[in-house]
Structures are given as C-alpha cells and as structure tokens.
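To start, the structure itself, in structure tokens.
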Amino acid sequence: MAKTVKMSDIAERLNVSTVTVSKALSDQKGVSDEMRNKIKKLALEMGYQKPISKPEDRVRSYNVGVIVPDDYIEKYQTFYWEMYQEINMAAVKNNSFVMLEVLNAADEKAGIPPKLLKENKIDGLIVLGGLKSAYLKMIKEHYATPTVYLDFYDQTIKEDCVISNSFYGTYTLTNHLFDKGHTNIGFVGTVLATKSITDRYLGYMKSLLEHDKTVREDWVLDDRDRDRHNFHKFELPEEMPTAFVCNCDSIASWFIRELEQNGYRVPEDISIVGFDDFLYPGLCNVPMTTYAVNMTEMAETGVKLLITKMTGGETSEGMHLIEGRFIERKSVRAI
C-alpha cells in the first residue's frame, strides 16, 4: 500500500515550512507565484491528495518561535521570563506551540541567523526585547517568516510591533512627583540605549516642560553603555534633586542601593519612581511607586497578530500601544 503523502513531505523536499505549503495549496496570500507553482507541481508529482477534514481537525496549530537577546534574559530575568510565559499561555489558547531561542551578542554582531529560522522549525516569529536594526533587516530580507516585535519597535523597518505606553507612563509618574510637591526631578537611564528608554525620557521631559521646568543635564544619569550590553556605576551629581524617575524598576532598585551607600534615604531624602512593576525577589526593600506593564494583553495581542499573518490575513504593520496602570506605593515622599 502506497504511503500517504503529507504537506510536511512536500515542505521537506522544497526546504520550506508546512504553513507555506498549506498557503500555496489553498491559494492564500503570503507565497510568491514562483514558489506556489513549484509546490503545486511537486504535490501533483508526489500524488498528494487533500485529506477530507473532520470538524475537530479543522483548527490549525502553529509553531511560534521566540528569540530574545541573551543580555535581556541576564539583566531582566523576572520581566522577560514572565513575558515569555505570557506568550506561551497566549499561544496555547490559540492552539499553537512556542519554541525559545536566546540569541548571544556575538551571533547578533556577526549577523548569524537564529537556528529556529535556519533550520525551518517555525511558522511565525516573535522578537522579544529588541535587536539591532541591521540584524532585524537581515532576518526580514532573507526569511519570509511572519514576524511580530514585542516590547520594542524599530522605526526603520515596517513591521507589526506591540509595546507598552512608555511615553504616557513616565509622563504620569513625573506628574505624580510634581503633585507631591517635587520641582527638582532627575532621570535615570541612558537616553538613546533603547527605544523604550528614549520614549520614557520624552514622557519625563513633557511633564517638566508643562511645569515650566527645563532638563538639567547633570540630573540625567546614564545607567549603561549605548551598545545596550554593559551597565556601569551611577555618577551622582554634586547638587541632588529631590526625586528621580527611573527607566525601569530593576534600575530603580540598583539606584536605591547606590543612594543608600552614599548616605541617602528613600523616600526621606530622595523620592524614586520606576516602571514595569517587576523586580527580582528581595532586591529592593522599598515598595516602589511605578507604572505596571500589562504583559498579558501585550502577549495576547502579539500572538493574535502573528496568527493573523500566518494564516494570510492582513495587519496594519504598525505600532500597537498597550496601556498600563499607575501604582502608588511608598517610594515617594510629599514635600
């Protein structure tokens, strides 16, 4: 008895994904005319017959790849592992499965593609946390895999992305400090190191401008190198403000330790606000006023966008902003 030919057999022969074969055989978008013709010709030669589906078999499942830079996993374990778990749960709800690849900095710099793409293991890709523009362009030019960016965007590449509202979040946090009587407010974060830090700085700046304050350069403290990989010791200004807006909670917790080592108390001497609402357990003993990121909605939105793209649907290929929420705790003192 002859072996039943499956779409995976056709995919293996042509070194493409099964979802590409499925799109070609069902005349969906997302496959070039040349590849569509190759697939149909090979399917005819191999004797492929479209199976008669039962109602319970009509829901497709997909393999979703997630790649994240290793320094994001190393330095933001709590946040990005939690985000990855949210992606997993959102994928399961949509009858899909997730594979993770942690990309090291050397491979990113050398332009070595992720194994998930080279070995044709996935139907769609979520890039989590951010990669350099040149690397993202390489992926887009060499692989036709449907892709969504999560928790970052790249203004040079037209791609769907899902991000938290960093600008509005720090605008809200800085306004809160003004409401508590603070007028001298600094910012902690290397401004152009990541898109999210830049957006958070701009939200901080907007609040200052609306309160007739200008940014003091000595109150904007770097926390890392521009290349994103190397964090360094904070350099405190000679004249200290009464409050700081930090670009994320983990940086805020490290900054609080630096302040305490220099004799300052939080919030008695210096008030602090963070961003994300995620911290390493036991890293900070001060309950942090922050802006919580809605990771569940971000992950669900990203997975749904990716499934739409994998099934040949159309998306806006734009930025999808997910609102968070302000949380007041005890790291801010009224003056």
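Could you say which residue among 174, 170, 145 is among the hydroxyl-bearing types (Ser, Thr, Tyr) and out of contact with any Phe, Trp or Tyr (no Cβ under 7 Å at 6 or more places or on another chain)?
Details: 174 fails: out of contact with any Phe, Trp or Tyr (no Cβ under 7 Å at 6 or more places or on another chain); 170 fails: out of contact with any Phe, Trp or Tyr (no Cβ under 7 Å at 6 or more places or on another chain).
It is 145.
For the stretch 133-150, state whether one or more residues are more than 20 Å from residue 295 (Cβ to Cβ) and under 15 Å from the mean Cα position of the chain (by Cα). Working first, answer last.
Step one: list which residues in the stretch 133-150 are more than 20 Å from residue 295 (Cβ to Cβ), which gives 133-146.
Add one more test, that the residue is under 15 Å from the mean Cα position of the chain (by Cα), and what stays is 133, 136.
Within the stretch 133-150, one or more residues are more than 20 Å from residue 295 (Cβ to Cβ) and under 15 Å from the mean Cα position of the chain (by Cα).
None of 199, 179 is among the acidic types (Asp, Glu) and under 30 Å from residue 103 (Cα atoms) except 199.
Restricting attention to the stretch 101-141, the residues that are charged (D, E, K, R) and within 13 Å of residue 68 (Cα to Cα) total 5. Can you find even one residue in the stretch 114-126 that is touching an Asp or Glu at 6+ places or on another chain (Cβ under 9 Å), more than 16 Å from residue 17 (Cα to Cα) and either among the acidic types (Asp, Glu) or surrounded by 14 or more Cβ atoms within 10 Å (Cβ to Cβ) (or both)? No.
Any idea how many residues of the stretch 90-146 are touching a residue at least 40 places away in the same chain (Cβ under 8 Å) and either within 29 Å of residue 60 (Cβ to Cβ) or of a type in the set (Phe, Trp, Tyr) (or both)? Don't jump to the end; show me each part of the working.
Start the filter on the stretch 90-146 by keeping residues that are touching a residue at least 40 places away in the same chain (Cβ under 8 Å), which leaves 90-91, 93-94, 96, 105, 114, 116-117, 120-131, 144-146.
Pick out the ones that are also either within 29 Å of residue 60 (Cβ to Cβ) or of a type in the set (Phe, Trp, Tyr) (or both) and you get 90-91, 93-94, 96, 114, 116-117, 120-129, 131, 144-146.
Result for the stretch 90-146: 22.
Checked against the criterion of being modelled with pLDDT of 95 or more, touching a strand residue (DSSP E or B) at 6+ places or on another chain (Cβ under 9 Å) and surrounded by 21 or more Cβ atoms within 10 Å (Cβ to Cβ), the stretch 225-243 has at least one qualifying residue. Among the residues making up the stretch 147-164, those that are among the hydrophobic types (A, V, I, L, M, F, W, C), under 22 Å from residue 30 (Cα atoms) and in contact (Cβ under 8 Å) with a residue 60 or more places away in the chain are 148, 150, 161, 162. Is it the case that some residue within the stretch 313-323 is under 25 Å from residue 192 (Cβ atoms), buried (at least 21 other Cβ atoms within 10 Å of the Cβ) and in contact with a Phe, Trp or Tyr (Cβ under 8 Å, 6 or more places away or on another chain)? No, the stretch 313-323 contains no residue that is under 25 Å from residue 192 (Cβ atoms), buried (at least 21 other Cβ atoms within 10 Å of the Cβ) and in contact with a Phe, Trp or Tyr (Cβ under 8 Å, 6 or more places away or on another chain). Taking every residue in the stretch 1-23 that is under 17 Å from residue 44 (Cβ atoms) and pairing it with any residue that is surrounded by fewer than 15 Cβ atoms within 10 Å (Cβ to Cβ) and not polar (S, T, N, Q), at least 6 positions away or on another chain, the pairs with Cβ-Cβ distances below 7 Å are 5/46; 5/47; 9/46; 10/46. Annotation: of all residues in the stretch 308-322 being more than 22 Å from residue 154 (Cβ to Cβ) and out of contact with any Gly (no Cβ under 6 Å at 6 or more places or on another chain), the one that is modelled with the highest pLDDT is 311.
Going by the structure shown, is residue 273 within 30 Å of residue 87 (Cα to Cα), crowded, with 22+ Cβ neighbours inside 10 Å, of a type in the set (A, V, I, L, M, F, W, C) and at pLDDT 95 or above? Criteria met by residue 273. Where strands (runs of 3 or more DSSP E) fall wholly inside the stretch 221-335, the ranges with 2 or more residues that are closer than 30 Å to residue 96 by Cα and either of a type outside the set (Gly, Ala, Ser) or free of Cβ contacts under 8 Å to residues at least 12 places away in the same chain (or both) are 319-322.
Of note, residue 76 does not satisfy the criterion of being modelled with pLDDT under 95, hydroxyl-bearing (Ser, Thr, Tyr) and under 11 Å from the mean Cα position of the chain (by Cα). Condition first: farther than 30 Å from residue 209 by Cα, modelled with pLDDT under 95, of a type in the set (Phe, Trp, Tyr) and not in a strand (DSSP E or B). Can you find one or more residues in the stretch 84-100 that meet it? So far as the stretch 84-100 goes, yes, one or more of its residues are farther than 30 Å from residue 209 by Cα, modelled with pLDDT under 95, of a type in the set (Phe, Trp, Tyr) and not in a strand (DSSP E or B).
The values are calculated or read from the model by the stated rules, or taken from the named source; none is laboratory data. Source: prediction; values computed, not measured. Backbone-built Cβ (ideal geometry, glycine too); neighbour counts: all protein chains shown.
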